[in-house]
1. Looking at I80, I84 in this structure, which one is out of contact with any helix residue (DSSP H, G or I) (no Cβ under 8 Å at 6 or more places or on another chain), hydrophobic (A, V, I, L, M, F, W, C), open to solvent by less than 60 Å² (accessible area, probe 1.4 Å) and at pLDDT below 95?
2. Residues being touching a residue at least 60 places away in the same chain (Cβ under 8 Å) and in a helix (DSSP H, G or I): count how many of those fall in region 66-87.
3. Tell me, which residue of region 39-50 that is assigned to a loop (DSSP other than H, G, I, E, B) and within 18 Å of E76 (Cα to Cα) is least open to solvent (accessible area, probe 1.4 Å)?
4. It is to be established whether one or more residues within region 90-106 are farther than 30 Å from I13 by Cα, modelled with pLDDT under 85, among the charged types (D, E, K, R) and open to solvent by 70 Å² or more (accessible area, probe 1.4 Å).
5. Could you grab me the full set of residues in region 149-170 that are in a loop (DSSP other than H, G, I, E, B) and open to solvent by less than 40 Å² (accessible area, probe 1.4 Å)?
6. When region 129-148 is examined, which residues are found to be farther than 12 Å from I119 by Cβ and open to solvent by less than 60 Å² (accessible area, probe 1.4 Å)?
7. Across region 51-69, which residue is nearest to F123 (Cα to Cα) among those that are in contact with a Phe, Trp or Tyr (Cβ under 7 Å, 6 or more places away or on another chain) and open to solvent by less than 20 Å² (accessible area, probe 1.4 Å)?
8. Looking at region 109-121, which of its residues are surrounded by fewer than 16 Cβ atoms within 10 Å (Cβ to Cβ) and among the hydrophobic types (A, V, I, L, M, F, W, C)?
Amino acid sequence: MSKPKKSVLMAIIGSAYGIRGEVRVKSFTADPLALGTYGPLYDRAGKNYQIKLLRPQQTVVVVHFEGVDNRTQAKELNGIELFIEYIQLPDDLGDDEFYQDDLLGFTAFDANGNEIGCISAFFNFGGGDIIELAIKGGENRLIPFTKAAIPYIDMAVEQIIVDPVAAGLGRDEDHRAHEA
């Protein structure tokens, strides 16, 4: 199978679990068990991973992939990132729902209409989602992806409103002086 054109990270394979080829998997889906509903998963090289069995286990899911039948094979999968093609994602989102990937490239403004920069990446280091803003005329900055820091997202015009204080970009006065 060929590598997906526009891929979405769905999970990361962890350590082997037991002796029958099962592995622990950290799923990034809202419902970890939904990982089995997307069809085949792919690694960065485009290799296909078909889920045979999936079950919850504390903070991860335990997965048995087709063709992985022993602990040795399972250990070799540790650290592999699993993707799906973007078009496999459900498109029946609610009014306030979106995929983070859809926000990449959105222009960020403060409440006064001053352009701050644009969204260049999303991260999650364990403490919640973080946006990387490519600051206009400056260095990239990381800001929390929270309602306080980003009170408004306009999907139609591909813009977000950022509260510079809540986002940790400084006081409003400092931000306006920097933009002037």
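The values are calculated or read from the model by the stated rules, or taken from the named source; none is laboratory data. Computed from a predicted structure; not experimentally measured. Because the Cβ atoms are built from the backbone with ideal geometry, glycine has one as well, and the counts that use them run over all protein chains shown. Areas reflect the complete protein model, heavy atoms only, side chains present, ligands, DNA and RNA absent. Shrake-Rupley method; radii C 1.70, N 1.55, O 1.52, S 1.80 Å.
1. I84
2. 3
3. Checking each candidate, the answer is G46.
4. yes
5. Hits for region 149-170 are A149, I150, V162, P164, A167, L169, G170.
6. Those that are farther than 12 Å from I119 by Cβ and open to solvent by less than 60 Å² (accessible area, probe 1.4 Å): G138, P144.
7. V62
8. A111, A121
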